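Report on one structure; see the data block that follows.
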């Protein structure tokens, strides 16, 4: 399921480091929906999340710590794999949140005004050309348990391909696919660029643009719906299908 959420804001501005706002909003929606019975399923412990989202701002202008945009409005595109009814669970939660103000930093507020379901593509080919959705990008991360530090790779970095295979293998297995399905996914950049995104005071390397994936069509469908790569449930990895080959 893919949804377009339209918001009004008190002021047309946000902090540059704004990922935590959207996580807080999603948590708030589930906590107040259906007596909060689905909150634990997605936000307690470290459960694998089968959704992604991207924030779309109208003509944003980035300053040092804030981003200013043209209108007192913005959109979030939310997408989920529906094998566990995740899309329906969040859709119902968004309906209950509609029309209610949600507090933002620096005295700002936002209100969910409209929810539209967007048609999705059904992938039947093992070769698909994707484009990252505006407002996000693909994150490929490695984590060093000894130092507790992360390293982020963009498509132009040495080691990107090897680490991407590890990330996609892990994501595939956790989604119920075979380990071989994740290992066999091939990534071919077509028109890509490196972008830095500020998250929790850390600059995260992302890959944005157009690329081709070759792999199991059902797994490619999952990546399309739930997001591709590390941190996809934090607003990264959302994809649009451009063509199938």
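Here are the numbers for this structure:
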| quantity | calculated |
| --- | --- |
| Calculated P(r) tail over 14 Å for the stretch 173-218, as whole % of Cα pairs | 63 |
| Length-normalised contact order for the stretch 127-244 - Cα pairs under 8 Å, 6+ apart - percent | 39 |
| Debye intensity ratio I(q)/I(0), log10, the stretch 28-75, q values 0.18 Å⁻¹ (C-alpha model) | -0.75 |
| Simple label model, 7 Å out from Cα along Cβ direction - residue 83 to residue 151, nm | 3.1 |
| Distance between the stretch 97-137 and the stretch 199-244 - C-alpha centres, whole angstrom | 14 |
| Segments 12-22, 74-84, 92-102 sorted - mean Cβ within 10 Å per residue, highest first | 74-84, 12-22, 92-102 |
| For the stretch 45-162: relative contact order, % (alpha-carbon pairs under 8 angstrom, 6 or more apart) | 18 |
| Volume per residue of the C-alpha convex hull in the chain, rounded to whole Å³ | 131 |
| Degrees separating the helix 86-97 axis from the principal Cα axis of the chain, which is the longest one | 10 |
| Candidates 163, 63, 221: whichever shows maximal mean-square fluctuation once the chain is modelled as a Gaussian network with Cα springs under 10 Å | 63 |
| Residue among 218, 158, 44 with the largest mean-square fluctuation in a Gaussian network model of the chain, springs linking Cα atoms under 10 Å | 44 |
| Ellipticity estimate at 222 nm from DSSP helix runs (n ≥ 4, -39,500 (n - 2.57)) divided over the chain, nearest 500 | -7000 deg cm²/dmol |
| Most mobile of 213, 168, 203 in a GNM of the chain (Cα contacts under 10 Å) | 203 |
| Rounded tilt (10° steps) of 160-174 against the dominant C-alpha axis of the chain | 70 |
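Read the figures in this text as sums done on the coordinates, not as results from a lab. Because the structure is a prediction, the values reported are computed rather than measured. We place every Cβ from the backbone using ideal geometry, glycine too, and count neighbours over all the protein chains shown.
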